[in-house]
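**Q** Handing you this structure, nothing more for now.
The values are calculated or read from the model by the stated rules, or taken from the named source; none is laboratory data. Since this is a predicted model, take the numbers as computed values, not measurements. Cβ: placed from backbone, ideal geometry, glycine included. Neighbour counts: every protein chain shown.
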Amino acid sequence: MLKVSGVNAGYGSFQALFDVSLEVNAGETVAVIGPNGAGKTTLLRVVSKLIDATTGEITMEARRLNDVPSHAVIGYGIAHVPENRRLFPRLSVEDNLRMGSYVPSARAKFAERLDTMYALFPRLKERRKQLAGTLSGGEQQMCAIGRALMSGPKLLLLDEPSAGLAPVVVQSIFEVVRKMSAEGYTVLIVEQNVRQVLKIAHRAYLLETGRIKLSGRSDELLENEAIKKAYLGL
């Protein structure tokens, strides 16, 4: 579905990604793990065209994205949940979800998808009239994921969904991602909580200093001695 081939990217004179290649197949949950500053967020920004790759190619269902403007990416079936949620704090939960279905192809299915989101996130239904800025961190993350899913994406990009959340809330967020995976959603997730994300992802890539250092099935990476030592504290 998604193919990133030999991508280099950065910010001005600073290069953050070096010859990065990865693939995400339909129905997969694929994780990108690695330390702070490794380039994980930059990788998602390149895929959603918030920044341009300097070289390399990005394709979605064999359609080249390199020259597609960022506002048009959602029309290719890609939805991005950025780090720190980026909700509209002075709009209600339901209005934030409504903003997720602004593309013409999604408007006709608003009511149906809203019911689906409230089934996936019962807490959001309870809070549907509440201002998004007054929600707890976990509720805001659920709202951000729900807003992205309202567009009916083929591929969901999740950037550090557990960041800044209490451990008990982190568990609930990963359970949501696991449930989406079980229901056939295709997810590319960037995450520092290596142990948790490898338990729900099918495959994973290790990104360090802007380069892919390792890739494979998640169960294999959980048993990898280098990852155990560097990221799992074993």
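**Q** For the range 23-62, which residues satisfy the criterion of being assigned to a strand (DSSP E or B) and of a type outside the set (Gly, Ala, Ser)? Even if it seems obvious, please write down each step before you answer.
**A** Of the residues in the range 23-62, the ones assigned to a strand (DSSP E or B) are 23-24, 29-33, 55-60.
Across the range 23-62, the qualifying residues are Glu23, Val24, Thr29, Val30, Val32, Ile33, Thr55, Glu57, Ile58, Thr59, Met60.
**Q** Would you check if there is a residue in the range 189-197 being crowded, with 21+ Cβ neighbours inside 10 Å, under 18 Å from the mean Cα position of the chain (by Cα) and assigned to a loop (DSSP other than H, G, I, E, B)?
**A** Kept after step one, since they are crowded, with 21+ Cβ neighbours inside 10 Å, are these residues of the range 189-197: 189-191, 194, 197.
Right, trim to under 18 Å from the mean Cα position of the chain (by Cα) and you get 189-191, 194, 197.
In the following step, the residues that additionally are assigned to a loop (DSSP other than H, G, I, E, B) were identified as 191.
Yes, the range 189-197 has at least one match.
**Q** What are the residues in the range 77-101 that are over 12 Å from Ala148 (Cβ atoms) and free of Cβ contacts under 8 Å to residues at least 60 places away in the same chain, if any? Quick ask: steps written out before the conclusion?
**A** Step one: list which residues in the range 77-101 are over 12 Å from Ala148 (Cβ atoms), which gives 83-84, 88-95, 98.
If the condition is that a residue be over 12 Å from Ala148 (Cβ atoms) and free of Cβ contacts under 8 Å to residues at least 60 places away in the same chain, then Phe88, Pro89, Arg90, Leu91, Ser92, Val93, Glu94, Asp95, Arg98 are the ones that fit.
**Q** Here are some residues: Gly34, Gly10. Which one is over 18 Å from the mean Cα position of the chain (by Cα), within 18 Å of Asp159 (Cα to Cα) and either crowded, with 17+ Cβ neighbours inside 10 Å or not hydroxyl-bearing (Ser, Thr, Tyr) (or both)?
**A** Values: Gly34 fails: over 18 Å from the mean Cα position of the chain (by Cα).
Result of the check over Gly34, Gly10: Gly10.
**Q** Oh, and also: Given the residues Ala108, Ala163, Ala201, which is the only one that is small (Gly, Ala, Ser) and farther than 23 Å from Ile227 by Cα?
**A** Details: Ala163 fails: farther than 23 Å from Ile227 by Cα; Ala201 fails: farther than 23 Å from Ile227 by Cα.
Result: Ala108 is the single residue among Ala108, Ala163, Ala201 that is small (Gly, Ala, Ser) and farther than 23 Å from Ile227 by Cα.
**Q** Being of a type in the set (S, T, N, Q) and within 26 Å of Gln192 (Cα to Cα) is the filter here, so list the residues in the range 71-107 that pass it.
**A** Residues of the range 71-107 of a type in the set (S, T, N, Q): 84, 92, 96, 101, 105.
Within the range 71-107, just Asn84 meets the criteria.
**Q** Determine which single condition Leu158 fails, assuming it passes every other condition in (1) within 21 Å of Ser181 (Cα to Cα); (2) in a helix (DSSP H, G or I).
**A** Looking at each condition in turn, Leu158 falls short on (2).
**Q** Related question: Exactly one of (1) buried (at least 20 other Cβ atoms within 10 Å of the Cβ); (2) in a helix (DSSP H, G or I) is unmet by Asp219. Its number?
**A** If we test Asp219 against (1) buried (at least 20 other Cβ atoms within 10 Å of the Cβ); (2) in a helix (DSSP H, G or I), just (1) comes out false.
**Q** What's the number of the condition Arg98 fails, among (1) assigned to a helix (DSSP H, G or I); (2) at pLDDT 90 or above; (3) under 19 Å from the mean Cα position of the chain (by Cα)?
**A** Status for Arg98: all satisfied but (3).
**Q** Can you name every residue in the range 102-121 that is assigned to a helix (DSSP H, G or I) and either touching a residue at least 12 places away in the same chain (Cβ under 8 Å) or under 21 Å from the mean Cα position of the chain (by Cα) (or both)?
**A** First pass over the range 102-121, keeping only residues assigned to a helix (DSSP H, G or I): 104-107, 110-120.
Scanning the range 102-121 gives Ser105, Ala106, Phe110, Arg113, Leu114, Thr116, Met117, Tyr118, Ala119, Leu120.
**Q** Let me ask something additional. Between a residue in the range 128-147 that is farther than 11 Å from Pro89 by Cα and aromatic (Phe, Trp, Tyr) and any residue that is in a helix (DSSP H, G or I) and at pLDDT 95 or above, which pairs come within a Cβ distance under 7 Å, given they are 6 or more apart or on different chains?
**A** Matching pairs, first to second residue: none at all.
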